[in-house]
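Derivation of every value follows stated rules applied to the coordinates shown; laboratory data play no part. Since we're looking at a predicted model, the values are computed, not measured. Counting neighbours? That spans all protein chains shown, and the Cβs are built from the backbone with ideal geometry, glycine included.
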Amino acid sequence: MNLEKWTDRLVTSCTRRVSFGTARKCLNIFLRDTVYNFYTLNYYKLCAIVPLLEVPLDGKVAKGIRDDLPNEQLPKWNGIVNLNRDQHNNYQCAAEWIACEHYNMHRVHLDLIYFTR
């Protein structure tokens, strides 16, 4: 099952309404934390998925992405609960470029830089 289907499943399966942005952030944090854990990383051989992982988006990460791409047209950040798929994809594409070009890392790790700014 892919990340899109898991996001949809999480949005529809919760007893309280969960937005796309919130569901995707939770999934991205969970996946990121599995590769940050030495035991799960090695046991499940997760090194291969690191390049595929997304950066968990929030206000600080969105600001960092926007600051690193000042001339780029990114959608206005209206909070994680208002984030839709297209906006999410735009931020993830920008994050991918920034991670490779500016920091020589995978985008999943960008929140370590942006969260501490």
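Relative contact order of the chain: what whole-number percent is it, with Cα pairs under 8 angstrom and at least 6 residues apart? Please list the in-between numbers first.
On the way: 113 pairs, mean separation 32.4, N = 117.
Worked out over the chain, it gives 28 percent.
Could you work out the local net charge near L46, counting Lys and Arg as +1, Asp and Glu as -1, over the other residues with Cβ closer than 12 Å to its Cβ?
Net of charged neighbours comes to +1.
Quick check on the chain: helices-only [θ] at 222 nm, where DSSP H runs of length 4 and up contribute -39,500 (n - 2.57) each and the sum goes over total residues. Nearest 500, please.
-16000 deg cm²/dmol
Write out the chymotrypsin sites (Phe, Trp or Tyr not before Pro) in region 21-117 meeting two conditions: DSSP loop, and at most 13 other Cβ atoms within 10 Å of their Cβ.
For chymotrypsin sites (Phe, Trp or Tyr not before Pro) across region 21-117 that sit outside H, G, I, E and B with at most 13 neighbouring Cβ atoms in 10 Å, the list reads Y44, F115.
Could you please report the charge total around W77, scoring K, R as +1 and D, E as -1 over all other residues with beta-carbon less than 9 angstrom from its beta-carbon?
After counting each charged neighbour, the total is +3.
What's the lysine pair count for the chain at a Cα cut-off below 26 Å, pairs eight or more apart or interchain?
Counting lysine pairs in the chain gives 9.
With all pairs of different alpha carbon atoms counted, what Kirkwood hydrodynamic radius in Å does the chain show?
14.8 Å
Grab the other residues whose beta carbon is less than 10 angstrom from that of A94, score K and R as +1, D and E as -1, and report the net.
Net charge around A94: -1.
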